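Here's the structure, in C-alpha cells; my notes come after.
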Amino acid sequence: MKECLLYVFSGFLESGKTTLIQETLLDPQFQSDESNLILVCEEGTKGYDDAFLKQVNAQIVMVDDVSQLNEDFLEACEQHCHPDRVLVELNGMWSVDRFLDLVLPLRWILVQILSTVDASTFDLYLTNMRKIVYEQLRHSETIIFNRCNRTTNQLYLRNNIKAMNRGAQIIYENENGTIEPLHEASLPFAMDSSITLSDHDYGIWYMDALEHPRKYEGKQITYQAKVYPSPKAQANAYVLGREAMVCCSEDTSLIALWVFTEQGLPEVGTWLQISGTISVAYDADYGGEVCMIKETERKVITHLEDYVYFT
C-alpha cells in the first residue's frame, strides 16, 4: 500500500500559508506526477487558481467549519480523492492539537508541520493572544518569519519561539521573499570575561547560552534568580533559575541551571544573587551540552518579578 504524505501548515490569517504551500508545490524537488490534495480551512486574500492547480496536479477541498474537520471527513477525502500528498492549510484560530488528535486514514503519514508568522505583527499577537500563538507554534518543526526587514529584532523572535518550542528550525524571510541569514544580534549585556546580568537580561542570556554554550565556557557571571526543587538529588548542587511565560501564567517554562557549591545547599524558594564560573557539560536529559555554574559567592536578595520575558 502506497503511503500518502501529510503536511500541515499553521499560522494566522494573512501570515503567508498559501504562498508557502504554492512555493512548496512548485519546488522542483517536490514536483512529480503524484496527485496533491489541499485542504483549505480559511480563505485569505491569496488563493489557488485553476492554472496553478493544473500545473501542480492538485485539487482543492474547502473546510468551512472546525467541526467538519473530523475523522469521517478525512476518510471521505481519502476514498474520493485517493491523493499521494495532502497539504492542510489550517485555520489560524483552530487548534493544532485537535487536528493531531484525529485518527488519520490508514495510508496517511504525517511528515511535517510548518508554521508561517508575520514578523511585523508577532509582538502584537504575542501580547494579546499568547496562548493561541503557543498552540499554533509548539508542534512545528519549521517556523518561517516572513516580512522581515532591517529593523526586525531576530533575537526577540528567536528567544520567544525557543521558549515555546526548543527544537524548531527558524527561518527569516525578507519582504522581497529572499531568506535573511541569522544575525548575531547585539546582546544587551557586555560579552567580557566577566558578565553581569540585569534582572530583565536573564531570559535573553539563558536562551543564547542554551544554543551556544561553548561561547560562555570559562567566563565569570553574576545574576539573580530563585532556587527550585532539584529533579535529582545532588549533595553539592542546586537548581537556580527563573520561569518564562510560555502561553499564560498557568503554563510557564523553567529556565534554570545547575549551580555547584561548597557552601551548603540553599533553601528552595530563596532568591539569590550569585557569582560563579561557567562550565559546559553534556546533559542526558536535555540531549546536548549545557552551561553549569561553579559558585564562588552568593547572597540572599528580596523577591523579584516571577516571570522573565525576552524583550
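Odds and ends about this structure:
- On Cα atoms only, tilt of 202-211 relative to the major axis of the chain in degrees: 70 degrees
- Using a simple spin-label model with pseudo-atoms 7 Å out from Cα toward Cβ, Gln220 and Leu187 lie 1.7 nm apart.
- Within the chain: Cβ-based charge dipole about Cα centre, in debye rounded to nearest 20 (Lys, Arg +1; Asp, Glu -1): 1000 debye
- Relative contact order of the chain: 15 percent, from C-alpha pairs under 8 Å at least 6 residues apart in sequence.
- Ordering Ile170, Thr127, Ile221 by the projection of their Cα atoms onto the charge dipole of the chain, which places +1 on the Cβ of Lys and Arg and -1 on the Cβ of Asp and Glu, puts Ile221 at the extreme positive end.
- In this calculation the C-beta distance from Leu124 to Leu254 is compared with R0 = 41 Å, giving a FRET efficiency of 0.95.
- Residue with peak Gaussian network fluctuation, the chain [Cα springs, cutoff 10 Å], from Gly203, Gly218, Gly276: Gly218
- Most simply put, the chain has about 45% antiparallel DSSP beta bridges, counting only bridges with both residues inside it.
- Value at 222 nm in deg cm²/dmol, rounded to 500, when DSSP H runs of n ≥ 4 in the chain each add -39,500 (n - 2.57): -6000 deg cm²/dmol
- Here's the list of aspartates and glutamates a cross-link from Lys2 could span, going by alpha-carbon distance under 19 Å and ignoring same-chain residues fewer than 8 apart: Asp33, Glu34, Glu75, Glu78, Asp84.
- Overall Cα dimensions of the chain - principal axes, largest extent first, Å: 70, 41, 34
- Positive-end residue, the chain charge dipole about Cα centroid, Cβ charges, pick of Ala237, His82, Leu106: Ala237
- Where Rh is the Kirkwood radius over Cα pairs, Rg/Rh for the stretch 4-180: 0.96
- For the chain, built as a Gaussian network whose Cα springs stay under 10 Å, the top-fluctuating residue of His200, His139, His80: His80
- In this simple spin-label model, placing a label point 7 Å from the Cα along the Cα-to-Cβ direction at both Ile109 and Tyr286 gives a separation of 3.3 nm.
- For the chain, a Gaussian network of Cα nodes joined below 10 Å ranks Gly47, Gly241, Gly16 by mean-square fluctuation, and the top entry is Gly47.
- Among the listed pairs Lys131/Lys232; Lys17/Lys54; Lys46/Lys131; Lys46/Lys162, those beyond 24 Å (Cα-Cα): Lys131/Lys232; Lys46/Lys131; Lys46/Lys162
- Degrees separating the helix 154-164 axis from the principal Cα axis of the chain, which is the longest one: 90 degrees
- A simple charge model with +1 on the Cβ of Lys and Arg, -1 on the Cβ of Asp and Glu and nothing else charged puts the dipole of the stretch 59-160 at about 680 debye relative to its Cα centre.
- Proximal lysines to Lys299, defined as alpha-carbon separation beneath 21 angstrom and excluding residues fewer than eight positions away on the same chain: Lys219, Lys226
- Difference of contour (0.36 nm per residue) and Cα-Cα distance, Gln169 to Lys46: 41.7 nm
- Label point distance in nm, Leu26-Asp306, each placed 7 Å from Cα along Cα→Cβ: 4.9 nm
- About the Cα centre, charge dipole magnitude for the stretch 153-311 (Lys/Arg +1, Asp/Glu -1 at Cβ), debye: 380 debye
- The stretch 108-227: C-alpha gyration tensor shape, a/c 1.5 cut-off, then a/b vs b/c: prolate
Computed from the coordinates by the stated procedures, all read-outs in this text should not be read as laboratory data. It should be emphasised that the depicted structure is a prediction, and the values quoted were computed from it without experimental measurement. Glycine also receives a Cβ, built like all others from the backbone with ideal geometry; neighbour counts cover every protein chain displayed.
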